[in-house]
1. I want the local charge near residue 466. Using Cβ-Cβ distances under 13 Å, sum +1 for each Lys or Arg and -1 for each Asp or Glu among the other residues.
2. Could you give the alpha-carbon Rg of the range 181-240 over 2.2 N^0.38 Å, rounded to two decimals?
3. Rounding to the nearest 20 debye, state how big the charge dipole of the chain is about its Cα centre with +1 on each Lys and Arg Cβ and -1 on each Asp and Glu Cβ.
4. Given a cut-off of 31 Å, name the pairs among 183/457; 268/452; 307/480; 78/102; 19/386 whose C-alpha atoms lie farther apart than that in the structure shown.
5. What are the semi-axes of the equivalent ellipsoid for the chain, taken as the square roots of 5 times the Cα gyration tensor eigenvalues, largest first, in whole Å?
6. List 154, 258 from most exposed to least, where exposure is judged by having the fewest other Cβ atoms within 10 Å.
7. Among 214, 472, rank each residue by its count of other Cβ atoms within 10 Å, from fewest to most, as a rough exposure measure.
8. Sorting 38, 86 on the 10 Å Cβ count, fewest up front, what's the list?
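Each value in this text was obtained by applying a stated rule to the coordinates, not by laboratory testing. Keep in mind the model is a prediction, meaning the values are calculated, not measured. In this analysis, Cβ positions are derived from the backbone assuming ideal geometry, glycine residues included, and neighbour counts consider all displayed protein chains.
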Amino acid sequence: SQLSTVSITVVGASGDLAKKKIFPALFALYYEGHLPEHFTIFGFARSKMTNEELRTTISSTLTCRIDQRENCADKIDKFLQRCFYHSGQYNSEDSFRQLDIKLKDQEAGRVASRLFYLSIPPNLFVDVARSASRGASATQGWTRVIVEKPFGRDADSSAELTNGLAQYLSEEQIYRIDHYLGKELVENLSVLRFSNLVFEPLWSRQYIRNVQVIFSEDFGTEGRGGYFDNYGIIRDIMQNHLLQMVALFGMEAPVTLDAEDIRNEKVKVLRSMRKLKLEDVVIGQYKSHVKGGVKYPGYGDDPTVPKNSITPTFAAAALFIDNARWDGVPILMKAGKALHTRRAEIRIQFRHVPGNLYKKLFATDLDLATNELVIRVQPDEAIYLKINNKVPGLGLRLDKSNLNLLYSERYNKEIPDSYERLILDAIDGDKRLFIRNDELEAAWGIFTPVLKALEEKRVSPELYPYGSRGPIGAYYLAAKYNVRWGDMG
Ligand code: BG6
């Protein structure tokens with residue numbers, strides 16, 4: 001058989017994502033022996049740069065994080081030798097034809113497949129799809145394109161983008177990344193549900209009282225305000241990362257583990273979700289706060305943020321899946337920047353034990369006696385179940401204890417960055433962790449009306465101090481549905 005090769009072109013090579021995530025992920029894949037034997041990496045951007053300059057930039061971000069094996073420097077060197085740079089215009093077929101010549105040169109007669117990673121603002125996606133597909137498609141192997149959110153600002157602009165890309169690429173060629181799907185514990189959700197007997201039978205309105213999907217960061221926009229202000233936290237985090245977790249949490253068992261079967265189930269559950277209403281959303285924005293003599297800047301103090309912006313940096317929302325399994329179960333989401341801690345988790349609160357014999361011991365609050373299953377996506381990956389237990393001793397006292405699967409204790413293994421997994425899947429043609437166009441459409445369907453209403457009514461966000469637990473409104477929203485946030489204790 002003829003020799004084969006894969007070429008990966010990072011379009012937007014001088015951007016932040018490329019430097020922080022994509023090149024390091026490519027190197028980690030190479031380091032671990034996951035890239036094909038022969039590969040070529042091209043950085044593509046507008047600015048003029050030599051191969052050497054690109055290599056210097058890349059190498060400054062590469063670390064041998066996996067372990068400190070002696071040959072690491074050597075590996076970096078070999079990796080960099082396979083990295084090249086091409087400067088061109090995003091909308092120019094010609095620029096991509098010139099890239100094509102350079103690619104062919106490196107591919108040296110092998111059967112070449114080509115992956116384009118569009119690490120550029122979405123308003124350039126269609127231009128690049130056009131010029132790359134016309135100027136630099138693979139002739140024998142496959143051609144695939146990775147794109148990453150924001151996929152539009154609402155249902156209409158997203159559909160426009162989908163249609164624009166569809167002019168030049170088939171759905172099969174498009175890999176839409178949601179990097180949360182590449183996170184270890186998010187991928188594990190299906191394993192937890194469908195390969196253990198003890199969870200799935202409880203996984204419904206019959207036993208689950210509410211679900212909470214929580215994302216918090218302990219830093220603000222810090223210079224990313226220009227991008228962020230156009231989108232806000234609902235579009236940046238909820239409509240994609242949190243909703244994807246809900247889909248995996250709530251979907252029915254897929255027929256098989258094939259990408260189409262899984263995504264069919266995800267679409268079904270997303271389409272069963274009620275459109276979010278304005279009265280079920282609370283928005284907030286962080287303000288400056290002085291702590292320990294240090295002044296933490298407010299969102300409006302970020303020089304990249306327009307004056308008097310009302311863009312939310314925090315949101316809480318109550319969502320519902322209107323199907324037989326989830327009817328009436330509140331699904332609460334909370335996402336915010338500049339909060340007191342950095343964390344992403346799913347909390348599943350179970351119902352009260354009927355006729356609880358130990359009721360008296362929880363006289364003050366039966367809610368405190370319910371079981372809670374927590375899937376902590378980051379940091380300190382863990383799955384734990386809160387159970388009631390007798391405190392050892394002669395008296396009868398109960399307390400809440402955790403059955404705790406802490407990854408760092410259980411597995412002596414570095415968890416790969418989500419971009420490593422996703423890029424490798426794209427090379428392998430495995431689409432299980434990528435968003436299909438109908439999924440995207442369903443996701444926008446849930447959030448578009450409320451996003452429009454917030455903008456039309458110019459709803460002002462509730463201000464919360466940098467480093468706090470966010471606006472008080474989030475408590476009231478939860479209380480409206482008889483829910484108490486599990487991350488507050
Ligand atoms: C990105 C958002 O998608 O996810 C950022 O645009 C956010 O605002 C980031 O900081 C969080 O990702 P992670 O993997 O650090 O939790």
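1. On the way: positive: 287, 291, 295, 337, 469; negative: 217, 218, 222, 301, 302.
Charge balance in the 13 Å sphere: 0.
2. Values: Rg = 16.7 Å, N = 60, 2.2 N^0.38 = 10.4 Å.
Relative to the rule-of-thumb radius for its length, the range 181-240 sits at 1.60.
3. On the way: 65 positive and 62 negative charges, 266 e Å.
So the magnitude is around 1280 debye.
4. Details: 183/457 36 Å; 268/452 24 Å; 307/480 34 Å; 78/102 19 Å; 19/386 40 Å.
With Cα atoms farther than 31 Å apart: 183/457; 307/480; 19/386.
5. Values: eigenvalues 345, 133, 107 Å².
In descending order the semi-axes read 42, 26, 23 Å.
6. Details: 154 17, 258 13.
Placing the least packed residue first, the sequence is 258, 154.
7. Values: 214 23, 472 13.
The most exposed by this proxy come first: 472, 214.
8. Numbers: 38 16, 86 23.
Going from least to most buried by this count: 38, 86.
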